[in-house]
Amino acid sequence: MLRTPGAWTFLLPGFAGRQPFAMLTIGIVLLVQDTTGSYGRAGAVAAVTGVSMALFAPQGGKLADRFGQRAVLLPGVFLHAASVSALTALALSDAPLWALFAAAVPTGASVPQIGPMVRARWAAKLDGSPLMSTAAAFESVTDELTFVVGPVLATALCTGVHPAAGLIAEAGLTLAGGLLFAAQRRTQPEVVRATAAGSGTGTPVSALSVPGVRVLVVAFLGIGSVFGGMQVSLTAFSEEIGHPGANGLLYGVFAAGNMLAGVVCGAIAWKSGPRRRLVIGYAGLTLTASLLWSAHSPALLAVLGLLTGLCIAPPLISGYTLVEALVPVSARTESFTWLTGAVALGQAAAVTAAGQLADTYSARAGFLVPLVGTALAMITLVALRSRLTPRAPGRATARGASGMDHRPRVTVD
């Protein structure tokens, strides 16, 4: 996969550009909690950011499919840096909650969708290749590496330097990384102007019109509930035991589990299809997430967090792999942003709910959010799994740099 021509030219800038995203939610929670003294308010502001991102990200993905990634990314990174700066200034000036909400909307709406853009570049390079599963696993590992580094870095900056330092760093890194990625023009996917079949109106194809994408959105909402519930509940748990700095370490263990599972998934030449792997993997995630609320010590919570992280990568990778088979080329970036936005929306709802539970009851009560979120998504996934039938099932050989892939061919299930 890494021998694919041009891959490194977008991989390294893509990693730099997506790193700040892992710092955003925890940076908001730590700053707003410090200035207001409430996890509920901090979670609500972070939730508004997540909802805004979930609603606007697919529109940005659609524009990237129609006009090119660079045309969308350049104005987006400048708007995001300005919005984060405004939110930080308002929080530090003890502005009312409604003002923080108002600043959170453009902050979330302008989050650069570099992860989906990188996945779209892989899809363009490896169209029809069994290496797409490897690429999806690689991207999951990259995402989780950012979530190992990001929360630890943001927590260290907020607790060791200044409560606003995490968000200030996020804005600066987003601007630098986004501009670097936007400069890689040669590897961005070609603009494909496809229209809905039989519409006669020239209406562009929408990724959300594909039934399988809607099912995946629900599944990714459940995954987002795990991320959001863990972020707030781990922060509250660390405060309760008198070691606020442990938050970054505990979340890093959780993210490291996801990263390790991603490495393993990418190394295996799967004989079962991604649809089957998605259902089985999601069952494991639901089981482990249901145990988090029972943790009563940092050691036990670290173990359960690691197990939960190990169970996130398989369904996440399977879902992203299915997109290549379900969605036409002209809507791939949009479809990836729908899934990323679903994770953000699930995370936003979980941050709000977990924050309220932590304020009202205890940090352990916040861990009920991942349990409920994954259980509801699992029920939906099992009931509607037939909609995940690929548009063009079959086999294809890899198109790497050498033109060959010596792993067994994979039939899409």
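Projecting the Cα atoms of A375, L31, L216 onto the dipole axis of the chain, where Lys and Arg carry +1 and Asp and Glu carry -1 at the beta carbon, places L216 farthest toward the positive end.
Extension gain for A269 to R3 (0.36 nm times residue separation, less C-alpha to C-alpha distance): 94.0 nm. The Cα atoms of segment 9-99 define a convex hull whose projected area, averaged across directions, is 6.4 nm². Its relative contact order, with pairs defined as Cα atoms under 8 Å and 6+ residues apart, puts segment 279-334 at 40 percent. Here the Karplus curve 6.51 cos²θ - 1.76 cosθ + 1.60, taken at θ = phi - 60°, turns the phi angles of segment 334-344 into couplings of 4, 5, 5, 6, 4, 5, 4, x, 5, 4, 5 Hz, with x standing for Gly and Pro.
Note on the chain: dipole from Cβ charges, positive end direction compared against T286, V84, C265; the farthest Cα belongs to C265.
At an R0 of 45 angstrom, the distance between the Cβ atoms of I379 and L74 translates into a FRET efficiency of 0.60.
Applying a DSSP loop filter and a limit of 13 other Cβ atoms within 10 Å to the trypsin sites (Lys or Arg not before Pro) in segment 211-301 leaves K271. Rounded, prolate or oblate: pick one for segment 48-191, where a ≥ b ≥ c are the square roots of the eigenvalues of its C-alpha gyration tensor, a/c under 1.5 means rounded, and failing that, prolate if a/b is larger than b/c, else oblate. The shape class here is prolate.
Computed over the Cα atoms of the chain, the ratio of the radius of gyration to the Kirkwood radius (Rg/Rh) comes to 0.96. Label sites at E240 and R185, each approximated as a point 7 angstrom past Cα along Cα to Cβ, lie 5.4 nm apart. In the chain, the calculated helix contribution to ellipticity at 222 nm averages -25000 deg cm²/dmol per residue, counting -39,500 (n - 2.57) for every DSSP H run with n ≥ 4. Return the loop-located trypsin sites (Lys or Arg not before Pro) in segment 1-100 (DSSP other than H, G, I, E, B) with at most 10 other Cβ atoms within 10 Å of their own Cβ; answer none if there are none. Those satisfying the criteria are R3.
All of the numbers you see were taken from the coordinates with simple rules; none came from a lab. Just so you know, these numbers come straight off a predicted model, no measurement behind them. A quick note on method: Cβ atoms are made from the backbone with ideal geometry, for glycine too, and the neighbour counts reach across all protein chains shown.
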